[in-house]
């Protein structure tokens, strides 16, 4: 009520909405203030939300959410091993699609190909969403690209809503978000499956949001929204914006069961497009020019001998010839 009000809300209005006493309302306002919310209380006017802190609680995240199902059930952790592991557990226990796990800190964050993901407290966005798509398992890998697209769009939408300029976010195929050649975010998709049936899919998203400095070994390869735009972002609002875009993109994907509805948007952000890359194939590394993606999310490359190939992300990695991108 405080967030959505245009001005002050009277204490009486809050009392009637929740059927509680004025004293109960006052106690909750005090608790919000202790948590860092700047709530103004004026006699004969009521209460007004002046500023929200950058905190990740169930109430804060859910109050920012404007989706139909994605992120409507939020589970927040101050510390957990990995939000993907928590969502897997919830998936096994029958949780609804759209359930979202968010952590302030991860002790065992993971990236693609088993790499670790730095997850310090209070600065990043570490979240995983539970999906139960009615598609065949061979199509699930495309959800990584859907999520990369949605994450980039959601961050841009957040800055637009804030009236602030957004860093130029690009995508390094298949699923890394980059700014100025440095990694901003990563996505990890995992699934529980039968031979021809998906039990559930876990999509994890890690974003360097308010990180002010990186360890020496990462500073040349990683960046954050804070470092790129020069100010803190409200992580709960970023999460809600991403979930809103994801819900729309996921619906498009399920309609076609391919990426035909998202290819144009994805390729407009593809940092590898029309650039020379190194294709790190298990059978041997080779140099090629990246042309774009096909409707299945495979990267189309042209070898130096002129032949074209479609590269599958599950088998190979792609790097820039002279560096990460």
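List of remarks:
- Estimated at 0.36 nm per residue, the fully extended path between residue 168 and residue 68 surpasses their Cα-Cα distance by 33.1 nm.
- Crossing angle, helix 83-92 versus the chain [Cα axis fit, 0-90 degrees, rounded to tens]: 90 degrees
- Global form of region 9-77, assessed from the alpha-carbon gyration tensor, a/c cut-off 1.5: prolate
- With Cα atoms, 0 to 90° folded angle of helix 142-162 axis to the chain main axis: 40 degrees
- Gap separating the Cα centres of region 28-67 and region 132-175, nearest whole Å: 29 Å
- By the count of other C-beta atoms within 10 Å, a proxy for reagent exposure, 144, 285, 307 are ordered fewest to most as 307, 285, 144.
- Quarter of the Cα convex hull surface for region 1-160, i.e. its orientation-mean projected area (nm²): 12.0 nm²
- Cα gyration tensor, region 147-264 - rounded (a/c under 1.5), prolate or oblate: prolate
- Rounded to 10°, Cα long-axis angle of helix 235-256 versus longest principal axis of the chain: 50 degrees
- Where only DSSP H runs of four or more residues are counted, the chain gives -8500 deg cm²/dmol as its mean residue ellipticity at 222 nm, each run worth -39500 (n - 2.57).
- Rounded, prolate or oblate (a/c below 1.5 giving rounded, otherwise prolate when a/b exceeds b/c) for region 197-325 by Cα gyration tensor: oblate
- DSSP-defined beta bridges in region 1-140 - what % are antiparallel, rounded to 5: 70 percent
- Computed over Cα pairs, the Kirkwood radius of the chain leads via Stokes-Einstein (1.002 mPa s, 20 °C) to a diffusion coefficient of 101 µm² per second.
- Spin-label pair residue 105/residue 23, simplified geometry with 7 Å Cα→Cβ offset, distance in nm: 3.8 nm
Rule-based calculations on the coordinates, nothing more; no lab input. The structure displayed is predicted, hence computed values, not measured ones. Please note: Cβ atoms are built from the backbone with ideal geometry, for glycine as well, and neighbour counts cover all protein chains shown.
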